[in-house]
Amino acid sequence: MVRIKICGITNIEDALLAAELGAAALGFIFYPKSPRCVAPEAAREIIAQLPPFVAAVGVFVDEEAAVVQGLAARVGLDWVQLHGQESPEYCRSLGRRVIKGFRIKDEGSLAGLEPFRGAAQALLLDTYKKGQVGGTGKIFDWHLAREAKQYGQIILAGGLTPENVAQAIATAQPDAVDVASGTEAAPGRKDPAKLKAFFKAVRSVSSEQ
């Protein structure tokens, strides 16, 4: 079964619906420049109400390790997701479960994954777009994600929607998928119908594998 991470959570209603539908993880963005950035106290209140076995993931971009550690402890994060220029050494230094994000442009982009083998517990592949660190809402060549599996556990992101996620899974064969804008009514606010359709699409292809 391909696991599902719903990112850009900013309110309890979206969080509980995603959990009810079967999300393995929820993403809380602590990058001030993101339209889906959430205040630490708001995230803490949401995380405190999550049911068991739904992981809370904090998303950071080139943040000081001490800040990441302090915020992770304060709000109750299970994972940290890093989308900047963080090194393998930085990932190891946190002593936490790490998802390292990569922006994929072409096959040459995969060369950057090898050094993170063992330093990050999962590798999230998003689409390269100049000037953006993630959340592009655009897809990349999913065959590259399949090739990337040699480097570790792969989370497929980038432009996934209820309409294309089944094809994406069939092509990339990822361990998990990550969606934000593809299930939104507006940045930071989920569309319940899109969210339900996304889970249905993932389950349909997962049951065939």
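Here, each number is a calculation from the coordinates, and none is a lab measurement. This structure is a prediction, so every number in the text was calculated from the model and none was measured. Every residue, glycine as well, gets a Cβ built from its backbone with ideal geometry; the counts of neighbours run over all protein chains shown.
Quick look at the numbers
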item: Longest site-free stretch - the chain; sites: GluC sites (Glu not before Pro), DSSP loop, at most 11 other Cβ within 10 Å; result: 65-207
item: Fully extended contour minus Cα-Cα distance, from Ala170 to Glu45, at 0.36 nm per residue; result: 41.4 nm
item: Two-site label geometry, Phe53 and Asp191: point separation in nm, points 7 Å out along Cα→Cβ; result: 3.1
item: Within segment 91-123: backbone nitrogen closer than 15 Å to the Gln150 label point (7 Å, Cα to C-beta); result: 107-117
item: D_trans [Stokes-Einstein, Kirkwood Rh over alpha-carbon pairs] for the chain, 4 °C, 1.567 mPa s, µm² s⁻¹; result: 77
item: Segment 3-201 - percent relative contact order, Cα under 8 Å, separation 6 or more; result: 19
item: Among Val75, Val177, Val59: highest mean-square fluctuation, GNM of the chain, C-alpha pairs under 10 Å; result: Val75
item: Fully extended contour minus Cα-Cα distance, from Val67 to Leu17, at 0.36 nm per residue; result: 15.0 nm
item: Simple label model, 7 Å out from Cα along Cβ direction - Arg203 to Asp141, nm; result: 3.5
item: Highest-fluctuation residue, Lys33, Lys138, Lys190 considered, GNM on the chain with Cα pairs under 10 Å; result: Lys33
